[in-house]
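**Student:** Pasting a structure below so you can have a look.
The values are calculated or read from the model by the stated rules, or taken from the named source; none is laboratory data. Remember, it's a predicted structure, so these values are computed and weren't measured experimentally. When we count neighbours, we look across all protein chains shown, and the Cβ atoms used for this are built from the backbone with ideal geometry, even at glycine.
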Amino acid sequence: METRAGRFRVYRVVESVPHINLFDTEAMRLYTAYQSGYDDRQATIDGLRTGDLVDATLGGDPDDSDEAWSIQSVERVARVRMAFAVDAAVPTVAEELWTEEQERPAATVLEWEDEPVAEVAVQPRAPLPGKAFVPSVLTGLVPMEDRLGELPSVGKPVTDALFVDPDPPHANRYSRPFGAVVFFSAAGQPLRDEFYAAYDIDPSEDTRPEYDPYGI
């Protein structure tokens with residue numbers, strides 16, 4: 001068994017998939033780890049949520065792609081609370097931000113009471129090798145770690161991120177060539193609440209779809 005130590009973003013904790021996906025923020029690699037079997041450490045593992053930033057050590061066999069890794073140690077250092085709306089209309093401001101033939105993400109600032117408090121970004125659906133189709137790219141398959149720190153136009157850390165995908169997870173074609181992500185700072189909580197009300201999101205719930213895009 002080999003070990004990997006570093007800083008990871010938690011991208012998957014849902015009832016339908018008995019694993020946790022950990023994205024190595026430095027090596028830019030995704031690890032799938034077992035969610036159970038940790039004995040007296042199980043409560044700590046169960047406490048992990050989508051969007052947590054953790055320092056962890058993983059153990060496993062890098063040559064065995066069928067075997068998940070185990071979490072040897074983990075400590076949460078930060079959290080971006082993440083919410084997901086699928087099969088939903090993207091925000092109007094995102095529609096206005098998108099341009100045809102766009103190949104890179106683009107973002108713009110959102111204000112509350114004339115103060116910059118949030119950003120909205122549009123993410124093109126980039127094809128995979130062989131033009132493979134991957135459902136629900138915007139529900140976490142494309143990590144946006146470089147945008148989950150400090151908001152450039154706001155000068156404050158991201159506290160919440162809302163991922164909006166125009167298509168359902170089981171779609172076999174895209175209705176729109178992009179999805180949207182809204183990043184909120186602490187000062188943007190009133191604006192966040194307006195967005196959550198519009199998408200009928202309960203911030204106390206893990207709203208990630210019951211579907212694992214990493215399983216493809």
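**Student:** Counting just the residues of the range 159-177 that are of a type in the set (A, V, I, L, M, F, W, C) and at pLDDT 85 or above, which one comes out farthest from the chain's Cα centre (by Cα)?
**Tutor:** The selected residue is 164.
**Student:** Let me ask something else. Are there strands (runs of 3 or more DSSP E) fully within the range 46-132 with at least 1 residues that are exposed (fewer than 15 other Cβ atoms within 10 Å of the Cβ)? List them.
**Tutor:** Hits in the range 46-132: 52-60, 70-79, 106-112, 115-124.
**Student:** Which of the residues that make up the range 145-177 are part of a strand (DSSP E or B) and in contact with a Leu (Cβ under 8 Å, 6 or more places away or on another chain)?
**Tutor:** Within the range 145-177, the first condition is being part of a strand (DSSP E or B), and the residues that meet it are 150-151, 156-157, 160-165.
Once the filter is applied, which keeps residues that are part of a strand (DSSP E or B) and in contact with a Leu (Cβ under 8 Å, 6 or more places away or on another chain), the range 145-177 yields 157, 161, 163, 164, 165.
**Student:** Any idea which residue in the range 199-215 is modelled with the highest pLDDT, counting only those that are surrounded by 13 or more Cβ atoms within 10 Å (Cβ to Cβ) and outside any loop (DSSP other than H, G, I, E, B)?
**Tutor:** Only one residue fits best here, namely 213.
Every residue, every condition in (1) closer than 18 Å to residue 7 by Cβ; (2) free of Cβ contacts under 8 Å to residues at least 12 places away in the same chain, yes or no:
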{"position": "25", "(1), (2)": "yes, no"}
{"position": "31", "(1), (2)": "yes, no"}
{"position": "37", "(1), (2)": "no, no"}
{"position": "40", "(1), (2)": "no, yes"}
{"position": "43", "(1), (2)": "no, yes"}
{"position": "46", "(1), (2)": "no, yes"}
{"position": "60", "(1), (2)": "yes, no"}
{"position": "79", "(1), (2)": "yes, no"}
{"position": "87", "(1), (2)": "no, no"}
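**Student:** Could you list, in sequence order, the residues of the range 150-167 that are closer than 16 Å to residue 112 by Cα and among the small types (Gly, Ala, Ser)?
**Tutor:** The answer is 153, 155.
**Student:** Tell me yes or no: at least one residue of the range 143-155 is modelled with pLDDT of 95 or more and either in the same structural domain as residue 107 (by TED's automatic domain parsing) or among the hydroxyl-bearing types (Ser, Thr, Tyr) (or both).
**Tutor:** So the first thing to find is which residues in the range 143-155 are modelled with pLDDT of 95 or more, and the list is none.
Scanning the range 143-155 turns up no residue that is modelled with pLDDT of 95 or more and either in the same structural domain as residue 107 (by TED's automatic domain parsing) or among the hydroxyl-bearing types (Ser, Thr, Tyr) (or both).
**Student:** If residue 200 satisfies every condition in (1) without any contact (Cβ under 8 Å) to a residue 60 or more places away in the chain; (2) of a type in the set (D, E, K, R); (3) on the phi < 0 side of the Ramachandran plot but one, which is the exception?
**Tutor:** (3)
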